Each structure stands twice: as C-alpha cells, then as structure tokens.
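Asks: Structure provided below as structure tokens; questions to follow.
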Protein chains: 4
Amino acid sequence: MNPIANTVDLNSDMGESFGRWTLGADEALMQYVSSVNIACGFHAGDPTVMRKTVQLAKKYNVAIGAHPGYFDVRGFGRFDMDVPLDVLQNDIIYQLGALQALCNVENVKLSYVKPHGALYNRMARDENVARVVLQATREFNASLPVLLLANSVAENVGRELGLTIKREGFIDRAYLADGSLQSRSEAGSVIHDVAQAAERALQLVQTKSITAIDGSSVMIQADSLCIHGDSPNAVAMAKAVRERLEQAGIGVSSFA
Amino acid sequence: MNPIANTVDLNSDMGESFGRWTLGADEALMQYVSSVNIACGFHAGDPTVMRKTVQLAKKYNVAIGAHPGYFDVRGFGRFDMDVPLDVLQNDIIYQLGALQALCNVENVKLSYVKPHGALYNRMARDENVARVVLQATREFNASLPVLLLANSVAENVGRELGLTIKREGFIDRAYLADGSLQSRSEAGSVIHDVAQAAERALQLVQTKSITAIDGSSVMIQADSLCIHGDSPNAVAMAKAVRERLEQAGIGVSSFA
Amino acid sequence: MNPIANTVDLNSDMGESFGRWTLGADEALMQYVSSVNIACGFHAGDPTVMRKTVQLAKKYNVAIGAHPGYFDVRGFGRFDMDVPLDVLQNDIIYQLGALQALCNVENVKLSYVKPHGALYNRMARDENVARVVLQATREFNASLPVLLLANSVAENVGRELGLTIKREGFIDRAYLADGSLQSRSEAGSVIHDVAQAAERALQLVQTKSITAIDGSSVMIQADSLCIHGDSPNAVAMAKAVRERLEQAGIGVSSFA
Amino acid sequence: MNPIANTVDLNSDMGESFGRWTLGADEALMQYVSSVNIACGFHAGDPTVMRKTVQLAKKYNVAIGAHPGYFDVRGFGRFDMDVPLDVLQNDIIYQLGALQALCNVENVKLSYVKPHGALYNRMARDENVARVVLQATREFNASLPVLLLANSVAENVGRELGLTIKREGFIDRAYLADGSLQSRSEAGSVIHDVAQAAERALQLVQTKSITAIDGSSVMIQADSLCIHGDSPNAVAMAKAVRERLEQAGIGVSSFA
C-alpha cells in the first residue's frame, strides 16, 4: 500500500506584469507557495519584470520555474495558435535561456519548467506539440523537471523522452469523470470558495483522487497544486490551502 | 616600434531575417568573414532564424557574437530610444541568455558581444547607456570581449569596467578628422566602390590609421573591420577585402 | 445558357513589406493586375508601407482592397489562432479604418475587402469566424464587396448578411474534387509553370470550372483570380495570365 | 479686459488597458471629466479596449479625442524615440483612422486629437516632430482641434498650419518660471494633494496663470485641464476639481 504523501508543492504563475501594466500579488503569494512559474517575455513578463520576480523568489526562498508561452503578448498566451513545430521548439529554448541568464546574474537556480496557458492545454492533448516543447526542454537541460497536467498526453510523451515529469492538480477547477478539466465556459467549472478549495487540496494529497463533477472519484496523482495567481482571492486561497494542509500534517515544499 | 599586425578580424551582422522576411546573404558572406554578429530577437532575428544562423556559423567555423539591440522590431533597432537604464540592462542580459541557449544546443561557443544599430551609436557617445550595456555583459559573462567603435566613449567605459574591449573600424564609411563617422545623411559618407573599400581595409590594418574626409590622417586601431551585410554588394566587398588583405600577407581570423 | 464572361479581375496581395524588410515586386505586378489587396499592419505592412502602396495603386489605377489579418507580424498571419470573436471583430474594424484613412489622404477609394492568410482559410470553413469578420465589414461599410474563396462557408454567410460577395479562384493551386484547395504540404499542390497557370486562368473564366487533381471537373465561379505576389516568378505569371486572357478576348478589370 | 472664462474642459487619458491588463478607473472618471483621450493601439489600447471606451464615452456623453502615441506598447509611449518623420506622420494617420472607424460603428463623433506621452512632450520642444504630427492631423481632418501644452513650440506650429489649437494646463504638476513643466524626476514636481490641485485648477481658470515653483506667476491660458487617470487618487482628484470649479460658478464642458 502506498504511504500517504506528507509533502506537496504549491505553485503559482508570477511575473506576468508587462511594461506599464501590473498583474498579480506576487510578493504576497510568495509567502504561501513553494514554487513560482515565471513568465519569460513571450506572453507576459519583460526582462525587468522577470529579474524583479527572480529577486523576490530568492528573497522568499521559493523554487523558480520557467513559464514559457506562445509569442503573443496581446493574447497573454491564452489564444491557441498553430505554430510550426520547429518555430515552437526554438521559441521554448529562447525563453528558457533568457530566464536562465536572469537567474544566473542573481545567483539562483532555475529548477523546473511549466508551460503556460494555451500551450499547456494544447500539450495536454496534442502529442506533436507536447513532443517539441519537451524536446526543447531536453535540449536546453535534460535534468530539468517539467510540470504538466496529471493524466495528460504530455505526461506520457515526457516520460518517453526520459524527462522527469511532475504532475499538477487543480484545486479550484471542476474535473470531469475522465480526469480532464471541465471547460471554463461551463457553469461551475471554477471554484471560488476558499474553504472548499482547501478541502479539495487536502483530498487530492491524502487520497490521490478528486471528486469529479458527476460525483465519481478520479485518480489524480498530483505532485503540485496550482494556485491561480490572477484571481481576486488568490492570496486568501493560498493562505487557506497552506494552513489546511499544514494542520493535517502535510508540508508544503518544492518538488525540485 | 609596433610591429605591423599580421591578422585582422572581419565581422558582419547576420541573422537579421524575421518571420516571413529574409535579409542578407548570410551563407555567402560566411565564406569571407571571421566573425558573425547574430541578432537576438529584439530588433531582428526570431529564435528559429537565430538557430539557423548559429548552425551556419558552426558549418563555416566563424566566431559567433551576440548582436543585441533595442526592443523595436519595426524600427530594426535603428531608431534611437530613451530606454530607462535598468530596463536596458535587463534587456541585454535577456538577449545574451537567449542566444547563449541556442549556441549551447548546437554545441558552439558564444564568443563576444557587439551591440546593434542605434544602441551601438548611442554607446559611442553616451556614457550612461554604454555603462549599463557593458555592466549587463559583465553580469552575464565577464570574460566575453565586447566589440565597440574605436575611439568611442564606450571603449573607455568598457576598459574601466575591466572588460576586454575590441575596436571596430569601418572600411565603407567616411571618417571625420576627429575619428568619428560622418553621418549617413551627408553626401559621400558611404563608400560603395569595392576596390576602394579593400584599399581602405589594407590601410587600416597596415597603418592603424585612415584618411579622413578632409584629407588628414586619423589613428584608428581596429581589431575588426565591419562588412555591412545588408548592402547590395556585400558579398563582392567581403571577397575583395579578404583577397586584398591576404595578398598583402594579412590573415583574417577572429579576435575571440 | 450562361454567356461566357468577357472580363475577370486579377488580384494580388501587396504592401507586405514591414519596417526594414521588403517583400514582393509590387510595382512590377501592378502593371498586370486589376486589384491589390493591401496589408493593414496586423500581419504585415506598417503605415508607411501602406501609404506607399496606396500611392502606387493610384499611379497604376488599380482597385484597392483591404487585406486584414490576424494580429501576428512574426507569423505573417499564416498561423491559425483562436482569437475570441469580439476581439477579432474589432481587430477587423480597426484595420479597415486605418487603411481607409490612408486612402482618404491620397484621395483614392477603398473598394473591397479580402481577408488574409490563415484568417481567410479559417473563414472558408468556420462559420463563427466568417460571421464576425463579415459583420465587422458590414459595420464598417455595408457597401464594400468582400472577396472570398469560391464555394466556401464564408461565401454563404456573407450573402446571408446581405453583403456583396465576390468569389476567388486559384490558378496556381491544385483543387480537390470537392472544390477545396489541396493542402500546400502535399506534392503537386502548387503549380509553378507559368504557361500552365495561364491555361488554367483561361479555363476558369471560359468554362467556370477547373480540372481537379483526380481529373474530374469542378465548378468554380470565379469573379477574381489570385496572383500570388510573393512567389519568385510572380511577375512572369501575372504577365502570362494577362496576355493569355487578352489574346482570348477576355478583359482584365476590377469587380469593384 | 478679458472676461473671466466661465467654462473649462477637464480631460483624462483613457482606454489604456491592453489585452489581459487593465489600467485606470475609466468609468468612474467619466462622471467628472468632459473629454476623454482614447489610446489608439500603438502605446496602449487594443481595438476591443478602444471600442469599449468609445461605448463608455457615449454612455457618459463626454467628448472623444484620439490619443495617438509612439509605436511602443512595452514602453507605453513614454520612452522618447527618434522616429523618422515620414514614418511618424503615417503612424498618426493610421491611429486616427482606426479610432475614427470604431467611433463610426458606435455612431459617435471623434472630436479632437491629443498626442500621448513622450510624443506630446517632444512636440512641445521639437518643431519638426510637432509639424509632422500636426500635418498628419490636418491631412486626416483639418477641422479637428488639437490639444497641446500651453506655451509650447507645437502650439505655434499648429496655428501656423491653420489648425484649431486648444491649450492644456496641468493642475498636479509644478511649473517652472518659463511656463514649462518641472521634470517628474525632481522632488515636488507632482502634486498629490487633492485640495491643492483643486485650488490650482480654480487659479488657472480664474487668473489664466499659475504660481511657479519659484513663487512667480506664469501666464497659462488653459482651455483644458488634465486629470491624470492612472494616479491612485485620480477619481478623488477629478471629483474635487469639478466640485471646486462648479462651486465657483465655472462649468465643466468640452471645448470641442
């Protein structure tokens, strides 16, 4: 019998400001999460935002992940795009290298990769897209873990390529019975209640499963739970989740 | 007495295509130059163009330099901009890191840095701008040589920062008596004649000086001569210069 | 029995340079075509390129069409994107207004609209996308004809919206038996032979049909034939097509 | 003797959100100002943001001005750039045409032009830049008033070109004795106190002058007072200014 996990990672997207525009409560959230996915300039985050976010991550001693996305600032990487595979592969290497350099000048480690938005979702179902993003990561640094949707196509491709794959679970999104996420456009797909999200976090860690929208139980082996940083109650949710987990004896720490 | 130099570097800007648009005869030129300055995506060159250019440089065994510019694709980095100094500094680190990653995946070395266009010109006269670009380079990799306009403000700042500075001379641009370049907007500022350019190359290497527009002689200690890659006769000029130098017993090889 | 058409329009994409990069032989082609589709800055064409192209169209007395595309310069509007429908609708109005202003200052008429690249192709099969682009056109100016792929979903949506729809045929692309274009990635999908293209132009006009890749005959009622401006032999093809049509007594003139 | 003005315009920059990022309390401010300067997509404001801002302006019955800027989203149009004059001229026409189209589809009038940020400041001192921006406006629509810094170079150029020029005064910025604005980088250059700003508004309207930083009085004939929309207390300031003016019998209404 599998022992109950006694630690889990909490991750959140950060560094998604751009030029004059700010987004997210990065510093407040850093007190509750263990890993931060830093945007790399293609969907959000300019080099100065990136560096400041790296500095914050260093200050709060959280793990830094690269958060590469489609080359589309206006769409915030949330519009799916049919990018030619070779173009996408080189776009990923470029973004990883840029963030690596900004980590190096701050003497901190780049610890993992989590793709962003529409690219993350595309990788969950499109094997070709998953493959080139993961190959790019392997070319860049084969020892970097990649954080992907649990039970996705990308997870299998990543293992096949010999990468260390970490699986992500969502505490504020409704799951379908097959383990996929219900579309945001459907009613009830996003959970706003902080206490409910905290209970779901605990359920995910303790039972390695979640109750799907139809009442059935779905296996979700989550190495990391996502805290959506751009929701209005992101900080309250992060705090509640962390406290609920710690009350139950589960530590919050990076997988990397 | 100083011995006559018996080698000199020939450098050319490359990888300045972008998406659908192509520019320059990169592969043809690579047969005559010893160093290539590869655009890093901010003024030209997308990640796929960058990678292909790195592959070409590897094939022709020429030294690779980073060619960072202002964040302005539409202006091709040729419009001067008052970028805040911290923004500019991080922009440079970002670009160097991105190209470094694309060099790494091809197992080739990034050997030097040469700033592009309006940024290069601004650094020649503006100490603050020169300082942050050079500090960025030092933060990124303090051992990278930087190629700058001979006799410029930037050259002095670079030495003060402890960087290895290499000086660039222009064979197809008219010099003023004070060693600065005559503005392109003035008549006679650009030399189109291939044979004349080749003679000027030889003069620069053998005499460490050039005849200015007023007939006087200006000291120019050039470690590298620039071949403008986007002029219509770029390949013919590169060929003529290389042949003229080699006839005179001067080898063409990278300084890096 | 339908009379044989005695005129047809020849159209070509133009104004697809951008900043430092040039593309296409616009002026040479203007001597053979009757309509020019001018890029509007979102996939190619900056405002200065647009104005110069409008000036050329005025000089050669060809009809000006707006050629709006996805907001993606790097992808040249050729990567399909899932742009939210309201965003896409306003993007189209914005582009039409910008080009209209540049026509106004040159005292020439904006005569029609032809969507570009991946957007054009998406409209041919996706009713929702077709609808918002056409609604945007109707909001902007309900009297503007829209040039669309003959036999496409968009053609039907356009008529339903009360717009004047003109149908485009391709002389250098292989058709499938159902009247759709064979994918460019398949062998034989692009016809490079100038004389063959000219014969196909004549066949399209005289028979309102074309021979499909499987040898069958497909009905294509084409009001306009497309000359691809960015192929190496674009000018030769335009010249051959025009001469072949005129030899057969068919005039080349704009539908607008 | 000049009669005391009994109305003045209050203007504010709006529509400066972009894609995923929001900025400013547009709807709250619209209740206090009489004119709104809508960003045109080059420094901020995408077409959908523009349209929504036009709709809000219609709802609150405030005059709509175009707020064109440099082509630099990342810099928010606040970095000065040496844009070639012909490029700048066409950039302005493009932006005006785009906003005009979005006004047209909402059946509202585009009433004036106010350049943005670094471009506005450059026009205040650089005659060549001022001239091309104003020529572009005249080409687009010679009857559109242009709102410019009172006492600036641009004001004179505009009158010379036959345009209707409206002069702007600043209630929250310190003036130098020569009527220019003290640089934001100097201490005391920005007035944050709402009551003080309201008093300055009244002084500007009633006395056509303002107390400069050295205590002297400077003539400022302001047709419009600027409310900076992106400061944290923008709404409180707009409300206080409007109430103070109305208490003193001065109406707030558009000049257009």
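The values are calculated or read from the model by the stated rules, or taken from the named source; none is laboratory data. What you see is a predicted model, and the numbers here were worked out from it, not measured in a lab. Positions of Cβ are generated from backbone atoms using ideal geometry, with glycine treated the same way; all protein chains shown enter the neighbour counts. Heads up: the accessible areas ignore ligands, DNA and RNA and are worked out on the full protein's heavy atoms, side chains in. Shrake-Rupley method; radii C 1.70, N 1.55, O 1.52, S 1.80 Å.
Asks: Ignore the peptide's own chain and count Cβ atoms of other chains within 10 Å of each Cβ in D:40-53; give me the average, rounded.
Replies: 4
Asks: Could I ask something else about it? Report for chain C the percent antiparallel among DSSP-assigned beta bridges with both residues inside it, nearest 5.
Replies: 20
Asks: Moving to a separate point now. Could you check which residue among B:LYS52, B:LYS166, B:LYS208 shows the biggest mean-square fluctuation in a GNM of chain B with a 10 Å Cα cutoff?
Replies: Per the Cα network of chain B with a 10 Å cutoff, B:LYS52 tops the list.
Asks: Report, as an integer, the average count of C-beta atoms from other chains found within 10 Å of each Cβ along D:101-109.
Replies: Mean shielding by partner chains, rounded to a whole number: 4.
Asks: Take the solvent-accessible surface of the protein heavy atoms, probe 1.4 Å, and return the percent of it on chain A that carbon and sulfur atoms account for.
Replies: Using a 1.4 Å probe with all protein chains present, chain A comes out at 48 percent carbon and sulfur.
Asks: What's the lysine pair count for chain C at a Cα cut-off below 25 Å, pairs eight or more apart or interchain?
Replies: Total qualifying Lys-Lys pairs in chain C comes to 18.
Asks: Rounded to whole angstrom, how close does the nearest chain D beta-carbon get to the axis mapping D onto A, and which residue is it?
Replies: Spelled out, residue of D and its Cβ distance from the axis onto A: D:TRP21, 2.
Asks: Report, to one decimal in Å, the Kirkwood hydrodynamic radius for region C:146-202 based on all distinct Cα pairs.
Replies: 12.6
Asks: Between copies, how close do the A:ALA177 label points come, placed 7 Å along Cα→Cβ, listed in nm from shortest?
Replies: Going from nearest to farthest copy, the values are 4.1, 8.4, 9.1 nm.
Asks: At 222 nm, what helix-only mean residue ellipticity would chain D give, in deg cm²/dmol to the nearest 500, using -39500 (n - 2.57) for each DSSP H run of four or more?
Replies: -12000 deg cm²/dmol
Asks: What FRET efficiency, computed as 1/(1 + (r/R0)^6) with R0 = 45 Å and r the Cβ-Cβ distance, is obtained for B:ASP82 and A:ALA236, rounded to the nearest 0.05?
Replies: Between B:ASP82 and A:ALA236 the formula returns 0.65.
Asks: Further question: About the Cα centre, and with charges only on the beta carbon of Lys, Arg (+1) and Asp, Glu (-1), how big is the dipole of region B:52-136? Nearest 20 debye, please.
Replies: The calculated dipole for region B:52-136 is roughly 480 debye.
Asks: Of all the C-alpha pairs in chain B, what % are more than 33 Å from each other?
Replies: 12
Asks: Using a Gaussian network for chain B with springs between C-alpha atoms less than 10 Å apart, which of these wobbles most: B:GLU155, B:GLU16, B:GLU27?
Replies: Between B:GLU155, B:GLU16, B:GLU27, it is B:GLU27 that shows the largest mean-square fluctuation.
Asks: Over all residues in B:177-190, what is the mean tally of Cβ atoms on other chains that come within 10 Å of each residue's Cβ?
Replies: Mean inter-chain Cβ contacts per residue within 10 Å come to 0.
Asks: Whole Å is fine, so just give me how far the alpha carbon centre of region D:134-183 lies from that of region A:48-108.
Replies: If we compute the Cα centre of each part, the gap is 42 Å.
Asks: While we're on this one: With no solvent and one point on each alpha carbon, what is the Debye value of log10 I(q)/I(0) for region C:77-181 at q = 0.15, 0.17, 0.20 Å⁻¹?
Replies: Listed by q, the Debye log ratios stand at -0.62, -0.79, -1.05.
Asks: Go through region A:171-256 and name the GluC sites (Glu not before Pro) that are in a DSSP coil and have 14 or fewer other Cβ atoms within 10 Å of their Cβ.
Replies: A:GLU186
Asks: Shortest first and in nm with one decimal, please list how far the C:ASP82 label point sits from its counterparts in the other copies (point 7 Å along Cα→Cβ).
Replies: 1.4, 4.4, 4.6
Asks: Between A:SER180 and A:ALA142, what length in nm is gained on full extension when 0.36 nm per residue of separation is reduced by their alpha carbon distance?
Replies: Roughly 10.9 nm would be gained on extension.
Asks: So, in nm, how far is label A:GLN221 from label C:LYS109 when the simple model puts each one 7 Å beyond its Cα toward the Cβ?
Replies: Result for the modelled spin labels: 6.9 nm.
Asks: Work out the FRET efficiency for C:GLU27 and C:ARG159 from their Cβ-Cβ distance, taking R0 = 56 Å, and round it to the nearest 0.05.
Replies: Efficiency for this residue pair is about 0.95.
Asks: Starting from the Cα of B:ASP193, step 7 Å along the direction of its Cβ; do the same at A:GLU199; then give the gap between the two resulting points in nm.
Replies: 8.9
Asks: Measure of size requested: the Rg and Dmax of the protein assembly as shown, with Cα atoms as the atom set and Å as the unit; please supply both.
Replies: Rg and Dmax of the protein assembly as shown, Cα atoms, are 30.6, 96 Å.
Asks: Another one. With springs connecting C-alpha atoms under 10 Å apart, model chain A as a Gaussian network and identify which of A:ASP214, A:ASP172, A:ASP13 has the largest mean-square fluctuation.
Replies: Comparing A:ASP214, A:ASP172, A:ASP13 in a Gaussian network model of chain A, the most mobile one is A:ASP214.
Asks: Can you list, shortest first and in nm, the gaps between the label point of C:SER217 and those of its counterparts in the other copies, using a point 7 Å from Cα in the C-beta direction?
Replies: With the label placed 7 Å along Cα→Cβ, C:SER217 yields 6.9, 8.4, 9.2 nm.
Asks: Have a look at the DSSP beta bridges in region D:161-256 and tell me what percent are antiparallel, nearest 5.
Replies: Around 60 percent antiparallel, to the nearest 5.
Asks: Let me ask you something else. About the Cα centre of region C:1-123, what is the dipole size in debye to 20, counting +1 per Lys and Arg Cβ and -1 per Asp and Glu Cβ, all else neutral?
Replies: So the dipole magnitude of region C:1-123 works out to roughly 320 debye.
Asks: Let me ask you something else. Taking the Cα centre of chain B as the origin, how large is its charge dipole in debye, to the nearest 20, when only Lys and Arg (+1) and Asp and Glu (-1) carry charge on their Cβ atoms?
Replies: It comes to approximately 520 debye.
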